[in-house]
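> I have a structure here, written as structure tokens, and I will follow up with some questions on it.
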Amino acid sequence: MVAGVRPFSSVPGLLGGPEGPESFASFVDRLAAHQLVPAPITTLLAEAGVIPQDRHDVLPAGYGLDLTSEQRERFAYACRLESGELAAMLLRSLDGVAFDLTGLDVTHPNSVRVVGHREWAGFAGSACCPACLAQTGGWRLRWKLWTSFVCLTHGTLLMDVCPRCERRTGGYRAERSNAPRFATHVPRPGFCANSLSPGNSGLGRAARPCGEDLRQVPTSDLSGAPRLLEAQRAVNGVLEVGVARVAGEEVSSLTYLGHLRSLMALALHAAQPGDLGKLPDPIARALAQACEVRDERRVSEAGVRGTALHPYKGAPGDTRLVAAILPWAVELLASPDQEGVTDGLRPLVERSRGIRGSAVRAAARDFHLRGPLEVALDQVLAPRALFHRTMGHLAPAGTGSYRVFETRHVPHLIWEEDFERDFRPLLEGSRIGDTAARVAVSVALVRLSGRHTVPASIRLLGLEGHSQGASLNPLVMHLGRTGGKEAFQEALHGLATRLEGPGPHRHRDYRAAQEALAGFVVLDLETWERCREAAGMRPNRSEGLRRNTAAWVWATVLSSDPAFSPALSADCGKQDVLREVYRRFEREQLPRLGEVLGEVAREVGTTLG
């Protein structure tokens, strides 16, 4: 427990109200100026036991962000503060609420720089309300947050740049672990404590702060902009209770502010005037100007690898831009369901697609879109995927919605008659084999029935593990080179229409038939003898012949390839040998057995239904 005479002649009262608690640095400034004999910051902190000596180079790292437990105890005793009252002044109080300060250790200055670079935490500088400064001289902790842009007490835009020195207001030095500038001077609450530009502020002990009276600086009146005021209230409310609702689901305030950061960065990247809702004139003009500067810079970088525009990395430094974007972001997250979030995000995703092309799919990574925002991105881009646009349900030959046939009626290899008539002419000049091409058509057909990827379509066909499904890409590339995509989509959708009708294409459940024939690895002896005699072959009970005939019957019944059959693929270690033996069977024995095996295939098909 700290004991002894308290060193200060008087202590200013704590600030409250809708703007939240005062910041530690502001309280120290007012405390120093409040003494019977006003004192510099370093003198006051030395007297309070926070620093060992009255020197600017021993100021604590992360000034105003956090204090060690010993420093807290000493300062609270000296100022007659409760521990909770002091804690509320430090940015650490918002850890896990507004940002993640994991790794911040004020005894290690480098940690302040690392965490400050990672988080939009407002370590250096602060926005401010001139009217509040005129009334109390105090700076609120919440003003340091990038989400603060309007004073709810006075209905005015917070200012963030001093008109004289043209530096961010707040008077903190990022390069010195957030140390205050001119810490050996007596502070003047309400006046700018930044340095003037080189050559105007003096050097060394002769240096003087800017001294602009921030209490008199005019700022925009937003009292007539209820949409902006309501957005600020919503964000402040989330910070106070620690939870929010996004797309109808409860999330932590930390997650909520992460979503806001992502949306802010995406808007800074792609938004244009008019995209973000109705705005007061000064805010709308600032947004239009920022968009113009950004777009001109983007044009100047055309053809250059990389870009200097990285909106997610640094917090916006202009409260006018926050005022323009944050209400839109708050309204989007307040949507009652995922559909509302997706619809709200769609215009900016389309803007980004116009800028980045196919690289827009990396937006989730680049802007850290998570949860419902990532889902929204996927939902917006899904209908724009290459297949859906050029061949799928959104293609000119499509219906505009997914087809209603059942995938169980689609065989491994698209029916030979349909392939020969409608698809083979489109493959002339390609090196795609018949089996690979027919599998590709079946995969493409399945993809018309829902939001299926190629691997998912292969699984729906019962072909998982068979590499032939990868031939869809060569097929699409060939059609692109030959201009056959339009003809292919017409043929594909024509086949889908026939499959949806009452004709023979819906006769067989191929997945059920495949399951029923899972153990069909050899032809039984009785059937084999019948086939051998009908073909006029000499007696031969070779298991190899019975296996090969089973593979052929299986493939014929299922409109598949013998290589996919259990007879030739059940033993993974012998697949290559078995398939080579089957190819010899096709050349030497199948011509004599084909007709009678066709009858067997029809019998098996009839049994399966």
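> In the chain, if every C-alpha pair distance is counted and binned at 20 Å from zero, what percent goes to each bin?
Result returned by the calculation: 16, 34, 21, 18, 10, 2, 0.
> Can you tell me the length gained on complete extension of the stretch LYS278 to SER69, counting 0.36 nm per residue apart and subtracting the Cα distance?
70.5 nm
> If you roll a 1.4 angstrom probe over the protein chains with everything in place, what fraction of the accessible area of the chain belongs to carbon and sulfur, to the nearest %?
Roughly 51 percent of what the probe reaches on the chain is carbon or sulfur.
> Okay, next question. Mind checking the per residue accessible area of the stretch 446-566 for me, 1.4 Å probe, whole number of Å²? Don't skip to the end; give the middle numbers.
Details: 5710 Å² over 121 residues.
I get 47 Å² per residue for this part.
> Evaluate the distance, in nm, between pseudo-label points positioned 7 Å from the Cα of ASP221 and of HIS409 along their respective Cα→Cβ axes.
7.0 nm
> Find how many whole Å separate the alpha carbon centroid of the stretch 393-466 from the alpha carbon centroid of the stretch 248-304.
So the separation of the two Cα centres works out to 42 Å.
> With charges only on Cβ, +1 for K and R and -1 for D and E, what is the dipole size of the chain about its Cα centre, in debye, rounded to 20?
1280 debye
> Hey, what do the phi angles of the stretch 209-220 turn into as Karplus ³J(HN,Hα) couplings, whole Hz, using 6.51/-1.76/1.60 and θ = phi - 60°, x for Gly and Pro?
Per residue, the Karplus-derived 3J(HN,Hα) values read x, 4, x, 4, 7, 5, 5, 9, 6, x, 9, 6 Hz.
> Can I ask one more? Could you pull out the longest piece of the chain with no exposed loop GluC sites (Glu not before Pro) in it, calling a site exposed if DSSP puts it outside H, G, I, E, B and it has at most 11 other Cβ atoms within 10 Å? Could the numbers behind the result be given before it?
Values: sites that count: GLU82, GLU166, GLU428, GLU464.
Within the chain, the longest run free of exposed GluC sites (Glu not before Pro) spans 167-427.
> Roll a 1.4 Å probe over the protein chains and send me the accessible area per residue for the stretch 17-67 in Å².
35 Å²
> According to a simple spin-label model (label point 7 Å from Cα along Cα-to-Cβ), what is the distance in nm between ILE355 and ALA535?
Placing both labels 7 Å along Cα→Cβ, they lie 6.7 nm apart.
> Exposed loop trypsin sites (Lys or Arg not before Pro) only (DSSP loop, at most 11 other Cβ atoms within 10 Å): please give the longest stretch of the chain free of them, not including the sites.
Working: sites that count: ARG80, LYS278, ARG305, LYS313, ARG431, ARG541.
Value returned for the longest uninterrupted segment is 81-277.
> Measuring with a 1.4 Å probe in the full set of protein chains, what accessible area per residue, in whole Å², belongs to the stretch 68-141?
For the stretch 68-141, the solvent-accessible area averages 41 Å² per residue.
The values are calculated or read from the model by the stated rules, or taken from the named source; none is laboratory data. Because the structure is a prediction, the values reported are computed rather than measured. Here Cβ is always computed from backbone atoms with ideal geometry, including for glycine, and neighbour counts include all displayed protein chains. We work out accessible area using only protein heavy atoms, side chains counted, and drop any ligands, DNA or RNA first. Shrake-Rupley method; radii C 1.70, N 1.55, O 1.52, S 1.80 Å.
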